[in-house]
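The values are calculated or read from the model by the stated rules, or taken from the named source; none is laboratory data. Keep in mind that this is a model prediction, so the values were computed, not measured. Every residue, glycine among them, receives a Cβ derived from its backbone with ideal geometry; neighbour counts consider all protein chains shown. SASA here: full protein model, heavy atoms, side chains in, ligands and nucleic acids out. Shrake-Rupley method; radii C 1.70, N 1.55, O 1.52, S 1.80 Å.
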Amino acid sequence: MSTISIIEVKTAGQLKQFVRFPMDLYKNNPYYVPSFIKDEMKIWDAKENPALDYSESKQYLAIKDNKVVGRIAVIINHKEEKELGIKKVRFGWIDFIDDSEVSKALIQIAIDYAKEHKIDKIEGPMGFTNLDKAGMLTMGFDKLATMIGIYNHAYYPKHLENLGLTKEKEWVEYEMNFPKVLPEKVEKFSGLIAQKYKLSVLKFKSKEEILPYVEPMFKLLDETYKHLSTYTPISEEQIKTYKEKYFPFIDKNYVICVVDENQQLVSFAITMPSYSKALQKSKGKLFPFGWWHFLQASKKNDRANFYLIGIHPEYQRRGVTAIIFKEIFVRFTSMGIDFAETNPELEENKSVQLLWQDYNPVNHKRRRTYSMMINNG
């Protein structure tokens, strides 16, 4: 019987193996969507990832018969501990073949890391911050993944549950067949709400005109989600990083900003054409030909993804969403969008889930993080 060895990632070559492993594991899988190799490499570079200023992490590979058969990263976010009083080892970037000995060896890494640091809890899969990919897929294995969602085989959660990990947090995702006619309620209220609160939708003539609103969007995101027990504020460095990472994919027609009479941002929604198939065709590389697939996806696409939506607490129960969705309807209709998919939303966040109620949403994916208490006695 072959033994499994665990090695810590220390060289550039090992890091590339770490990044590329899921691409090999899911080769020819029609639902898996790869990340950009270059972006994944940057995550572990302190010069590129501001989260490393207040976090510590290690990455590991599982080797069997001289082949990589699994991977895992372990993270301690000291900002989370300081600001929320939450002390845990996060584990993420976890992938493995269907071999219980491999998954056991990987989870043991997280357990040992927790014991080494006198921490009594592990949880994952999750990244460094709230805006990183999180949650192991538990439903929707036959659905195309999105650019910001983790995809995994159906055996993953079974392995973790067999190892004694239990559900910690649950996320839901929805798919909507976009209507050909705007619901009467949305049509009626959008005008009334805009007039009552003196609100208007910004019209951007170019993508560059969006830039001054990027930071206010993230600040508004903090206001929208700060009531959630696990939410930590986004730092200035993180804003800069996410802007550099995702702004190239932004299309001005997919960004809706609602402002008050003083031109202060009260609500926004960032959507994008689905880049899932473009990512599959690019195989994790923008060059030499990946850019072409992204260009085509931005020009001709029948599917869009909701990525971020923020509404100031003072306006969350005042019907402002009617303005956003009327604008989305107008734009999606003109661009030939037939289907829309939400980003993962915490199951407890009912206020955000209510945003889609007029569009007959179908819960087509679920994902969760798993946790385990560690005995440090």
(Q) Whole angstrom only: what separates the Cα centroid of segment 311-377 from the Cα centroid of segment 115-145? (A) 19 Å
Q.
Quick check: the angle from helix 12-25's long axis to the longest principal axis of the chain, C-alpha only, nearest 10 degrees?
A. 70 degrees
Q: Pairs to check: 10/58; 42/281; 16/67. Give those whose C-alpha atoms are more than 20 Å from each other in this structure.
A: 42/281
Q: Can you check how the C-alpha radius of gyration of segment 40-184 compares to 2.2 N^0.38 Å, as a plain ratio?
A: 1.18
Q. Of all DSSP beta bridges in the chain, what percent run antiparallel (nearest 5)?
A. 90 percent
(Q) Spelling out what I want: for every residue of segment 61-76, take phi, set θ = phi - 60°, compute 6.51 cos²θ - 1.76 cosθ + 1.60 (Karplus), and round to whole Hz; glycine and proline get x. (A) 10, 9, 10, 9, 6, 6, 10, 6, 10, x, 8, 7, 10, 10, 9, 10
(Q) At 222 nm, what value in deg cm²/dmol follows for the chain if DSSP H runs of at least 4 each add -39500 (n - 2.57) and the sum is divided by all its residues, to the nearest 500? (A) -10000 deg cm²/dmol
Q. Roughly speaking, what is the centre-to-centre gap between segment 167-195 and segment 9-44 when only Cα atoms are used, to the nearest Å?
A. 36 Å
**Q.** Residue (of 186, 265, 329) at the positive-pole extreme of segment 179-337, dipole from beta-carbon charges
**A.** 329
Q: Could you work out how far apart the two model spin labels at residue 262 and residue 205 are, taking each label as a point 7 Å from the Cα in the direction of the beta carbon, and quote it in nm?
A: 2.7 nm
Q. Taking a 25 Å limit on the Cα-Cα distance, which of the listed pairs 196/299; 79/121; 245/300 fall beyond it?
A. 196/299
Q) Which percent of the accessible heavy-atom area of segment 179-337 goes to carbon and sulfur, probe 1.4 angstrom? A) 56 percent
(Q) Among 172, 200, 296, which residue has its Cα furthest toward the positive end of the charge dipole of the chain, with +1 on Lys/Arg Cβ and -1 on Asp/Glu Cβ? (A) 296
Q: Based on the mean of other Cβ atoms within 10 Å per residue, sort peptides 110-123, 317-330, 41-54 so the most packed one is first.
A: 317-330, 110-123, 41-54
Q) Sorted from largest down, what three extents in whole angstroms do the Cα atoms of the chain have along their principal axes? A) 70, 45, 37
Q. How do 76, 97 rank by accessible surface area computed with a 1.4 Å probe, from largest to smallest?
A. 97, 76
Q.
Looking at the chain as a GNM with Cα springs under 10 Å, which of 58, 243, 299 has the largest mean-square fluctuation?
A. 299
**Q.** For segment 179-337: accessible area per residue (Å², 1.4 Å)
**A.** 53 Å²
(Q) Could you tell me which residue out of 310, 224, 249 lies farthest along the dipole of the chain toward its positive end? Charges go on the beta carbon: Lys and Arg +1, Asp and Glu -1, centred on the Cα centre. (A) 249
Q: Taking the Cα centre of the chain as origin, work out the dipole magnitude from +1 charges on Lys and Arg Cβ and -1 charges on Asp and Glu Cβ, in debye rounded to 20.
A: 700 debye
Q | Angstrom value of the Kirkwood radius, inverse mean 1/r, which spans all Cα pairs in segment 179-337 | A | 17.0 Å
Q: Would you list which aspartates and glutamates come within 12 Å of residue 285, measuring only between C-alpha atoms, while excluding same-chain residues fewer than 8 positions from it?
A: 39, 40
